[in-house]
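Okay, structure first, notes after.
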Amino acid sequence: MSIRIPVIALVLTIAAAMAWPLSAQAPAAVSLIITNGIVVTVDGNRRVLNPGAVAINGAEIVAVDTPAAVASRFKAAQTIDATGKVVMPGLINTHTHAAMVMYRGLGNDLNLMDWLQKYIFPAEARTVTPDFVRIGTQLALLEMIQSGTTTFADMYYFEEEVAKATKAAGMRGVLGQTVIEFPVADAKTPADALKRTEAFAKQFDHDELITPSIAPHSVYTLDAKTLSAVSALAKRLIIPIQIHLSETSAEIGLSQERHKMRPVAILESLDFWAPTTLAAHGVWINDEEIALLKRRDVGISNNPESNMKLSSGTAPVVKYRKAGVNVGIGTDGAASNNDLDMFEAMRQAAFQQKLVTMDPTAISAAEAIEMATLGGAGALGRRQRLGSLEAGKLADVIIVGMSRPRQQPLFDPIAQIVYTSRGDDVETTIVNGKVLMRDRKLLTLDESKVLSEARKAADLVRKAVQ
Ligand SMILES: [Zn+2]
């Protein structure tokens, strides 16, 4: 030992002495640099670098700095010039049912219960198959990549098909296998759905892009015994739970009828909460429940467009944020929105809060961006790795064009992103360091093939609802 330590120390000293002048002179090789853009970091100081640069190596961001500083330290295999464009974290859609794009435009202008029971559940009973889910998910992936979403949280059936399509497209997903009490296409009983979830979680364990999750539909479509079994499985497998929670006043009534308690109280009485629990909607929630959700570290997905279209109500987003609850934004399924454009969701999230609070400062543009990125990452339990442009985080980055007439003049990039930009303005989408769309050209999906398969599958839906 007395001999080895000095030898190791000597080797380390020599290595350090050699490495220092090397790093000072020769820039380190990285895979990708995005330079000269207006870099909206959403980091701890909410820095906006104008101009700025982002260096990416493999799946990770290695530096966010001025173009000159990044150029002096790194040499990239690929460089993207983002002059005049916004470079920002990819958007995180915290609640959707991707394959439901296949029911887009079906059964409009109805409340949630009528819409679900008269249109969606019957249509699903006749059309959902593994192939149908694959086709619908691919159509959704096209739309999401084209509008700057880099992570989506999904609740649906045959979630392994969603996972395979998502992984093949290079997208990141927190994918929840649905558990519901009536027989559905992929499970005759809730017990079958739990078995499927376990197999699904094993199949995609430790995947780079896919986080398997369990999705109990809601308190009003599940009994206490099944809710407890879901919770036990999520805790055992250490997977996130996603659940629709207190979405409508009708749900509060049904829960009181069935469980003699409000939805949050029934879940609390069952010790339901997992290390990561995402509650979608959280509209009909009182102050005590907000405090409880904060104590249990439950994340909220705010879905303003779906909540407005179905007249479900408005989530107390300002109160959640004041209490320190992680709030992200979601589109919900395209059948109740009717698109997956997170830019529009972000704008409506800000507008809706301004309107109901009668306070234009309720949610600022910067706060809307924060909810659509870092807030969503927090709600999904991924704040350490996703949601901002910082060294050490995963490289999920989008480049947004700012040259359309409606984007002129450009005084305030933050306001421009939230109040005037649209998903169509996204030019480049990068997930896990891989470019999925470059200058609007899709690199991982065959758009015309996906569209033609979706049109064919739409005939099945048409027949099912005749
Ligand atoms: Zn939903």
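The values are calculated or read from the model by the stated rules, or taken from the named source; none is laboratory data. If you're wondering where the values come from, they're calculated on a predicted model, not measured in any experiment. Glycine also receives a Cβ, built like all others from the backbone with ideal geometry; neighbour counts cover every protein chain displayed. Surface areas here come from the heavy atoms of the whole protein model, side chains and all, with no ligands, DNA or RNA. Shrake-Rupley method; radii C 1.70, N 1.55, O 1.52, S 1.80 Å.
Take the residues in the range 212-241 that are buried (at least 20 other Cβ atoms within 10 Å of the Cβ) and assigned to a loop (DSSP other than H, G, I, E, B), then tell me which one is nearest to the ligand (Cβ to nearest atom).
H217
Can you pull out the residues in the range 334-348 that are within 16 Å of the ligand (Cβ to nearest atom) and open to solvent by less than 10 Å² (accessible area, probe 1.4 Å)?
Within the range 334-348, A334, A335, S336, L340, M342, A345 qualify.
Please list, ordered by residue number, the helices (runs of 4 or more DSSP H) wholly in the range 242-317 having 3 or more residues that are away from the ligand (no atom under 16 Å from the Cβ) and polar (S, T, N, Q).
Where helices (runs of 4 or more DSSP H) fall fully within the range 242-317 and carry at least 3 residues being away from the ligand (no atom under 16 Å from the Cβ) and polar (S, T, N, Q), they are 249-259.
Tell me which residues, restricted to the range 154-201, are of a type in the set (K, R) and in a strand (DSSP E or B).
Result: R172, single match.
So Y156 fits all but one of (1) within 24 Å of N338 (Cα to Cα); (2) open to solvent by less than 40 Å² (accessible area, probe 1.4 Å); (3) away from the ligand (no atom under 15 Å from the Cβ); what number is the exception?
With respect to (1) within 24 Å of N338 (Cα to Cα); (2) open to solvent by less than 40 Å² (accessible area, probe 1.4 Å); (3) away from the ligand (no atom under 15 Å from the Cβ), Y156 is out only on (3).
Scan the range 78-97 for residues that are within 16 Å of the ligand (Cβ to nearest atom) and not in a strand (DSSP E or B) and jot them down.
Residue satisfying the conditions is H97 alone.
Yes or no: Q146 at pLDDT 95 or above and surrounded by fewer than 24 Cβ atoms within 10 Å (Cβ to Cβ)?
Answer is yes for this residue.
Of everything in the range 413-466, what is in contact with a helix residue (DSSP H, G or I) (Cβ under 8 Å, 6 or more places away or on another chain), assigned to a loop (DSSP other than H, G, I, E, B) and either of a type in the set (A, V, I, L, M) or within 22 Å of T83 (Cβ to Cβ) (or both)? Give them in sequence order.
T420, S421, R422, R440, L445, V465
To keep it simple, each residue is scored yes or no on (1) among the small types (G, A, S); (2) out of contact with any Asp or Glu (no Cβ under 6 Å at 6 or more places or on another chain); (3) open to solvent by 30 Å² or more (accessible area, probe 1.4 Å); (4) under 22 Å from D446 (Cα atoms).
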| position | (1), (2), (3), (4) |
| --- | --- |
| A169 | yes, yes, no, yes |
| T178 | no, yes, no, no |
| D186 | no, yes, no, no |
| A193 | yes, yes, no, no |
| K202 | no, yes, yes, no |
| I210 | no, yes, no, yes |
